[in-house]
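Reading through the structure tokens given below for one structure.
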Amino acid sequence: MKITGIHATPGYAGFFFDDQRAIKQGAQQDGFTYDGEPVTDGFDEIRQAGETLIVDVELEDGSTIRGDCAAVQYSGAGGRDPLFQPEEYAPVVEGPVADELEGRDATEFLANAELLEELEVEGERLHTAIRYGVSQSLLGAAAEATGATKTDVMADALGTDPATEPVPVFGQSGDDRYSNTEKMFVKGVPVLPHALINSVEKIGEDGETLLEYVEWLTKRSQELGPDGYEPRFHIDVYGMIGEIFGPPYDRDEVVDYFAALEEAAAPYPIQIEGPMDAGNRADQIAAMVELREGLADANVDVDIVADEWCNTFEDVRAFVDAGAADLVQVKTPDLGGIHRSGQAVRYCEGTDTRAYLGGTCNETATSSRACAHVALATNAAQVLAKPGMGFDEGYMIVENEMRRTIARRKREQLPSSTDEVTADD
């Protein structure tokens, strides 16, 4: 079945774009927004509306398949592509991208996605958001054309055996880190709460505020969680441990702080995302290795998660090869084509590093559902509940997409009543 048309429509994403550099430099919140001037190129305000580019791929049977171009909340930071502006990129999708893809066989997902990944316009590769969104449409088009699930199309492209149970979902609380987390406890969310610890105020000048919060997590999970509930705590600190302690990261003061976090979380495991931001990939890897070695020497069992400066497939490979993290976030919009996220998860196989299929609150329901299929196809260690910061909506979207896909695959694998059954069966 041929691709006959590609259309692009600017729209809204599930959250906002934030100028991370301005926030880290001390911009003060004013209600839901921030006071002050932005410092990252492309931003008109420190917080501005998240945007997406809706991509419709038409097939020759008249069906239309959607994908959404999305970029992370903290665009333009940590080595990522610049702020995504849909009005600017719509003509690119309907022009050069459409010219390359129209007329191609929709069933050839991997070939089409790789073509998109390598396409250059005026000597430059396409913005990661374009590659991300258009490849979602290509994945859906291949599933439509073959009558398969998106999970099966992705698994065929990657050479994997899909998961037979939902991948553990990681809930994110946003700044409402108490009420939203209590919702997660009631629903028995396996990994939580993210917590958005992105300022000294939220972590404490000596880290004391975060310690108190982890103690609350442990106590409240036991009060509200279902019987047999054993959560894994995952907290993103946006480099703030590095801000308050500084290097070297294997010294006693830092290691003792992580030991205190482990004690506060007990009996549940805890993992800390982005403990520092060293300013570039090489220094970030060195700092993460230093921290992990210090924790290992002291027998401190806190997992370290790579985020900042771990954006592209090449970045993921560098962190994994260096042993710089227990878990790497595969930040789906930053990888470009959605198949590249799957390939990054697969790269972790056979190593000491687990793969967390992440992304951003600033995605859409469409992109989040597409990522659920990547998680199933690769059996990732965990997958982010997205989009938005309200928790419930994103959790529903991702969890339900995995459940319905697994149920469909089981139905389709059962022999029908007309199938001949032999004694060997």
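The values are calculated or read from the model by the stated rules, or taken from the named source; none is laboratory data. Since we're looking at a predicted model, the values are computed, not measured. Cβ: placed from backbone, ideal geometry, glycine included. Neighbour counts: every protein chain shown. For the accessible areas, the whole protein counts, side chains as well, though only heavy atoms, and no ligand, DNA or RNA atoms are used. Shrake-Rupley method; radii C 1.70, N 1.55, O 1.52, S 1.80 Å.
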**Report entry** Filter pass, ARG21 being within 20 Å of GLU308 (Cα to Cα), basic (Lys, Arg) and modelled with pLDDT under 95
**Finding:** yes
Report summary line: Of the residues in region 44-79, those that are within 26 Å of CYS310 (Cβ to Cβ), at pLDDT 90 or above and either in contact with a Lys or Arg (Cβ under 6 Å, 6 or more places away or on another chain) or open to solvent by 20 Å² or more (accessible area, probe 1.4 Å) (or both) come to ARG47, GLN48, GLU51
Query - Unmet criterion (only one of (1) assigned to a helix (DSSP H, G or I); (2) out of contact with any strand residue (DSSP E or B) (no Cβ under 9 Å at 6 or more places or on another chain)) for ARG292 - result: (2)
Query raised in the report: Within the group PHE258, PHE245, which residue is at pLDDT 95 or above and open to solvent by less than 10 Å² (accessible area, probe 1.4 Å)?
Result: PHE258
Query raised in the report: Looking at GLU205, GLU201, GLU182, which one is open to solvent by less than 60 Å² (accessible area, probe 1.4 Å), touching a helix residue (DSSP H, G or I) at 6+ places or on another chain (Cβ under 8 Å) and charged (D, E, K, R)?
Result: GLU182
Report summary line: Those residues of region 348-364 that are among the acidic types (Asp, Glu) and either surrounded by fewer than 24 Cβ atoms within 10 Å (Cβ to Cβ) or over 22 Å from LEU83 (Cα atoms) (or both) come to a total of 2
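Only one residue in ILE197, ILE304 is in a loop (DSSP other than H, G, I, E, B) and β-branched (Val, Ile, Thr), so which one is that?
Only one candidate passes the filter, namely ILE197.
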Query raised in the report: Given the conditions (1) in contact (Cβ under 8 Å) with a residue 24 or more places away in the chain; (2) hydroxyl-bearing (Ser, Thr, Tyr); (3) within 24 Å of LEU384 (Cα to Cα), and given that SER179 satisfies all but one, which numbered condition is not satisfied?
Result: (1)
Query raised in the report: Going through region 208-231 one residue at a time, which ones are over 29 Å from VAL255 (Cα atoms), open to solvent by 80 Å² or more (accessible area, probe 1.4 Å) and either outside any helix (DSSP H, G or I) or of a type in the set (A, V, I, L, M) (or both)?
Result: ASP227
Report task. Would you check if SER173 is touching a residue at least 40 places away in the same chain (Cβ under 8 Å), of a type in the set (Gly, Ala, Ser), under 27 Å from GLN73 (Cβ atoms) and touching a helix residue (DSSP H, G or I) at 6+ places or on another chain (Cβ under 6 Å)? Result -> yes
Requested in this report: Taking only region 301-314 into account, find how many residues are open to solvent by less than 20 Å² (accessible area, probe 1.4 Å) and touching a helix residue (DSSP H, G or I) at 6+ places or on another chain (Cβ under 7 Å).
Outcome: 6
**Report entry** Matching residues in region 319-347 - criterion: being open to solvent by less than 10 Å² (accessible area, probe 1.4 Å) and either small (Gly, Ala, Ser) or out of contact with any Ser or Thr (no Cβ under 9 Å at 6 or more places or on another chain) (or both)
**Finding:** ALA324, ALA325, GLN329, GLY336, GLY337, SER341, GLY342, ALA344
Query - Given (1) touching a residue at least 24 places away in the same chain (Cβ under 8 Å); (2) buried (at least 20 other Cβ atoms within 10 Å of the Cβ), index of the condition THR9 fails - result: (2)
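Of the residues that make up region 277-284, is at least one touching a helix residue (DSSP H, G or I) at 6+ places or on another chain (Cβ under 8 Å), open to solvent by less than 10 Å² (accessible area, probe 1.4 Å) and outside any loop (DSSP other than H, G, I, E, B)?
The answer is no, given that none of the residues of region 277-284 is touching a helix residue (DSSP H, G or I) at 6+ places or on another chain (Cβ under 8 Å), open to solvent by less than 10 Å² (accessible area, probe 1.4 Å) and outside any loop (DSSP other than H, G, I, E, B).
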Requested in this report: Test ARG251 against the criterion of being of a type in the set (D, E, K, R), crowded, with 18+ Cβ neighbours inside 10 Å and at pLDDT 95 or above, and give yes or no.
Outcome: no
Query raised in the report: Is it the case that some residue within region 387-409 is open to solvent by less than 30 Å² (accessible area, probe 1.4 Å), touching a helix residue (DSSP H, G or I) at 6+ places or on another chain (Cβ under 6 Å), closer than 24 Å to ILE130 by Cα and not in a helix (DSSP H, G or I)?
Result: yes
Report summary line: By residue number, the members of region 330-365 that are hydrophobic (A, V, I, L, M, F, W, C) and part of a helix (DSSP H, G or I) are LEU335, ILE338, ALA344, VAL345, ALA365
Requested in this report: Please identify the pairs in which a residue from region 379-398 that is among the basic types (Lys, Arg) has its Cβ atom under 9 Å from the Cβ atom of a residue that is in a loop (DSSP other than H, G, I, E, B) and buried (at least 23 other Cβ atoms within 10 Å of the Cβ), counting only partners at least 6 apart or on another chain.
Outcome: LYS386/GLN172; LYS386/GLY358; LYS386/GLY359; LYS386/THR360; LYS386/CYS361; LYS386/ASN362; LYS386/GLU363; LYS386/THR364
